[in-house]
Amino acid sequence: MMSDPAAPQVHDVAIVGGGGAGLTAALYTSRAKLSTILFEKLMPGGQIASTDLVENYPGFPEGVLGPDIAQKMEAQAKRYGTEFLFEEVREVRRKDHFFEVITAEGSTVSRAVILAMGACFRRLGVPNEKEFTGKGVSYCATCDGAFFKGKEILVIGGGDSALQEGIFLTRFASKVTIVHRRDQLRAAPILQDRASANAKISFIWDTVVDKIEGRNKVEAVLLKNVKTQQVSSRNVEGIFIFAGHDPATAFVEGFVERDEKGYVRTGESCATSVPGVFAAGEVRKGAVWQLVAACGEGCEAALAVQNYLEQHKERAGSAS
Ligand code: NAP
């Protein structure tokens, strides 16, 4: 069958998100000779791109730098033909037997879609947090840590990110105080041991941020003890917030089924409620939040796409 040159190009698969899950999916679909387009709003790598050292990805006994592995994954997908589009996806919808992926710049038609947008960091929602973001409030230690050489820093949170990034920040800061809202950390024991053994790190327990203060940038933080309700002020220039994440799925609301927190519900082989649409990595309900798992799910979703397209060969015509 001759294809209509006026008809828009139809990609076999559109992947939304270029973190570990999306890049691995792209590698697999490209190697399977499926025409693959990957949308990424910032830079490939997702959360790993802003992680200093990844210590639990198999095969790297000394650990591997997050930005390095992200660049290598991107290069590997490109080598097999993945097309990258650095645009933010606003909507995914059905278009006859196809899907239309819409950005501010235009739209792309594909036969299948893999949702791999990951999750965005969670804000605390306290006064001046938004206003002072980039002026002392940060959510990325590798991006901003070097601005705080010799300074005192507060780190908020008690999970793996707070401890791992808090330890990283001791390279620059004179002192790192980890402020946690409970008296028990959520972080893995190995990170707890490392943080406790670090002379530059101390902890404040049962405490939350009440307000961030300053004229044009962070100068002090008001902390509230949740047990005594006592409020105290601490003079600091930097506050790094690692309070978890929320899934970046707002634009697929009403398109695929999500849970009450916004995570995409999936069944067997990463299938969503919409046939032909798959989800992998941290957008997915039940994800385990590890790079190796995100990559595994990316692979699983890519194989499921191959299967799906094989079963729907008759729809291989062009979109109008
Ligand atoms: P997380 O595990 O969800 O931890 C978020 C932390 O922030 C928790 O300690 C939570 O307190 C606290 N928090 C949440 N909302 C808060 C608020 N409004 N005010 C103050 N504190 C607040 O998030 P994460 O540390 O970013 O980790 C996300 C996932 O990635 C996890 O599954 C983690 O294991 C994984 N990860 C793994 C590694 C690694 O393997 N090395 C590194 C980074 C992340 P509560 O404890 O009281 O809920």
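Restrict the check to region 131-153 and report whether at least one residue is without any contact (Cβ under 8 Å) to a residue 12 or more places away in the chain and either within 14 Å of the ligand (Cβ to nearest atom) or of a type in the set (A, V, I, L, M, F, W, C) (or both).
No, that holds for no residue.
Residues in region 39-57: is at least one part of a loop (DSSP other than H, G, I, E, B), within 16 Å of the ligand (Cβ to nearest atom) and modelled with pLDDT of 95 or more?
Yes, region 39-57 contains a residue that is part of a loop (DSSP other than H, G, I, E, B), within 16 Å of the ligand (Cβ to nearest atom) and modelled with pLDDT of 95 or more.
Only one of these conditions is not met by Glu55: (1) surrounded by 15 or more Cβ atoms within 10 Å (Cβ to Cβ); (2) in contact with a helix residue (DSSP H, G or I) (Cβ under 9 Å, 6 or more places away or on another chain). Which number is it?
If we test Glu55 against (1) surrounded by 15 or more Cβ atoms within 10 Å (Cβ to Cβ); (2) in contact with a helix residue (DSSP H, G or I) (Cβ under 9 Å, 6 or more places away or on another chain), just (1) comes out false.
So which residues in region 164-203 are surrounded by fewer than 15 Cβ atoms within 10 Å (Cβ to Cβ) and not in a loop (DSSP other than H, G, I, E, B)?
Of everything in region 164-203, those that are surrounded by fewer than 15 Cβ atoms within 10 Å (Cβ to Cβ) and not in a loop (DSSP other than H, G, I, E, B) turn out to be Pro189, Ile190, Asp193, Ser196, Ala197, Ser202.
Of a type in the set (Lys, Arg), touching a strand residue (DSSP E or B) at 6+ places or on another chain (Cβ under 8 Å) and modelled with pLDDT of 95 or more: is that true of Lys211 in this structure?
Here the answer is yes, as Lys211 does meet what is asked.
Taking the options Phe60, Phe86, name whichever one is surrounded by fewer than 17 Cβ atoms within 10 Å (Cβ to Cβ) and within 16 Å of the ligand (Cβ to nearest atom).
Phe60
Out of the residues in region 163-178 that are touching a Lys or Arg at 6+ places or on another chain (Cβ under 9 Å) and under 24 Å from Lys227 (Cα atoms), state the one that is farthest from the ligand (Cβ to nearest atom).
Val176
The values are calculated or read from the model by the stated rules, or taken from the named source; none is laboratory data. Since this is a predicted model, take the numbers as computed values, not measurements. Please note: Cβ atoms are built from the backbone with ideal geometry, for glycine as well, and neighbour counts cover all protein chains shown.
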